[in-house]
Amino acid sequence: MSRRVKKPLRPAGDRPKGARPYRGSAAERPQSFRPGGKPPARFPAAPPRAAKPFVPEPEKVAPELPPLPTKVQTVVVTADENNMRVDRFLEARFPGLSFSHIQRIVRKGELRVNGKRADSKDRLEEGQSVRIPPLKLDTPKGVGQLSEAATKTLQALKDMILFEDADVMVLNKPAGLAVQGGSGITRNVDDMLEVMRDAKGQKPRLVHRLDRETSGCLLIAKTRFAATALTGSFRHRSARKIYWALVAGVPKPKQGRISTYLAKEESEDDSIMRVAKHGDEGASHAVTYYAVVETSAQKLAWVSLKPVTGRTHQLRAHMAHIDHAIVGDPKYFNKENWQLPGGLQNRLHLLARRIVIPHPRGGFIDASAPLPPHMLQSWNLLGLEHDRFDPIENAPEE
């Protein structure tokens, strides 16, 4: 785990457009991120420094969180909470409130915004009044002997751990495992975390989410104190995330910026994110930096992605938008008559490779996930070297 944080470079203008190269000055742009520049052959370029173990500061007493309301109350959305989703607003205000409880009060219409029913994914605006019904945490389960099934679940979680201390865990979520429950989902990370309740009945909490078929770094808070701090870091975009993907074709330019508006498009069977216009209902601005790391002829490219915003399916929709959809994407792969090279599995080739975020007690959490089996197989078949220098390291942070 490193405490080093790169100084962010300033991106070019913020006009919503398609992919375009990063156009900083020649002096400002590192050679490795310069279009046409030749990156070093391996990552990292310099010998790595030994990772420093996290050493917590002297124990601080976590501030007492406000008690859950036992009767109806009305709160006002603050400036910091502007544009937050309803469900994440509740999670931030009341860490530890279960996903199912949030969905239940929203579905029943018990939570209202400016007097009207709201959906859990609706965005709030500063100054709006939110009616919150009486809330309750899940009943703590006694800490005792685990059943055989619970013991297997606990071991499965332990096998996923990339980083852990008293406040935080980073899991290497496998592809195919859902993060939360939903229609047709029988096993998910949120439910699995039930077996990790502590002596006080506190269950580890999800801080962010990954799509079901996306593998890699998933951040978990083990305490309410950590949940509040980490949720704030995501809200204020202090977290840096890097993804790896295998895409159809080779993007040009090889390093660039994708800036669009995205809005959800519902259908009877499914929903996807479509590229929208500024001002369209439900449209949110989304920005992604990408960099080609290595190619396999002109058929496929390994790209590294750095999302600045965190919209649903953002990376998948953005790569499809510039006509380089992610291999194995059942929702967004849009290239007609394109044949999957022999030996590659038709599964989503998207990995949440790395996360860097301020630790709630000082310093930084810096965790990386290895390629999942189906992507490692593809890398080996295509002759891609997964230890190459990653040029996205030098992309802007904003």
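The values are calculated or read from the model by the stated rules, or taken from the named source; none is laboratory data. Computed from a prediction, not measured in an experiment: that's the story for all the values here. A quick note on method: Cβ atoms are made from the backbone with ideal geometry, for glycine too, and the neighbour counts reach across all protein chains shown. The protein model used for the area step is the full one, side chains on, heavy atoms only, and it has no ligands, DNA or RNA in it. Shrake-Rupley method; radii C 1.70, N 1.55, O 1.52, S 1.80 Å.
Observations, loosely collected:
- Sequence-distant residues sharing a close amide H with PHE389 (under 5 Å, placed H): ARG42, PHE43
- Within the stretch 296-358, the ratio Rg/Rh, alpha carbon atoms throughout and Rh by Kirkwood, equals 0.98.
- Straight Cα distances below 18 angstrom link LYS152 to the aspartates and glutamates ASP190, ASP191, GLU194, ASP198, with same-chain residues fewer than 8 positions distant left out.
- Accessible surface of the stretch 273-345 [probe 1.4 Å, protein heavy atoms]: carbon and sulfur percent: 44 percent
- Probe 1.4 Å, accessible area per residue of the stretch 70-195, Å²: 53 Å²
- Long-range HN-HN contacts of ALA395 with modeled amide H, under 5 Å: none
- Carbon plus sulfur fraction of accessible area for the stretch 118-218, probe 1.4 Å, in percent: 47 percent
- Pairwise centroid distance, computed over Cα atoms, of the stretch 339-398 with the stretch 203-229, Å: 19 Å
- Applying the Kirkwood pairwise sum to the alpha-carbon positions of the stretch 201-281 produces a hydrodynamic radius of 16.5 angstrom.
- Sparsely packed trypsin sites (Lys or Arg not before Pro) within the stretch 327-394, loop by DSSP, other Cβ within 10 Å at most 16: LYS335, ARG388
- Per residue, the stretch 197-355 exposes 41 Å² of accessible surface when a 1.4 Å probe is rolled over the protein heavy atoms with every protein chain present.
- More than 25 Å apart - percent of Cα-Cα pairs taken over the stretch 284-398: 25 percent
- Cross-link pairs beyond the 24 Å C-alpha cut-off, checked among LYS116/LYS277; LYS264/LYS335; LYS173/LYS241; LYS158/LYS200: LYS116/LYS277
- Alpha-carbon Debye profile of the stretch 74-137, log10 I(q)/I(0) at 0.12, 0.26, 0.29 Å⁻¹: -0.24, -1.22, -1.50
- Size descriptors for the stretch 166-207 (Cα atoms only): Rg and Dmax, in that order, 11.3, 34 Å.
- Each label point was placed 7 Å from the Cα along the Cα-to-Cβ direction; for ASP119 and HIS278 their separation is 2.5 nm.
- The stretch 162-321: C-alpha pair distances exceeding 28 Å, %: 31 percent
- When the alpha carbon coordinates of the stretch 77-213 are projected onto the principal axes, the ranges are 47, 32, 32 Å, largest first.
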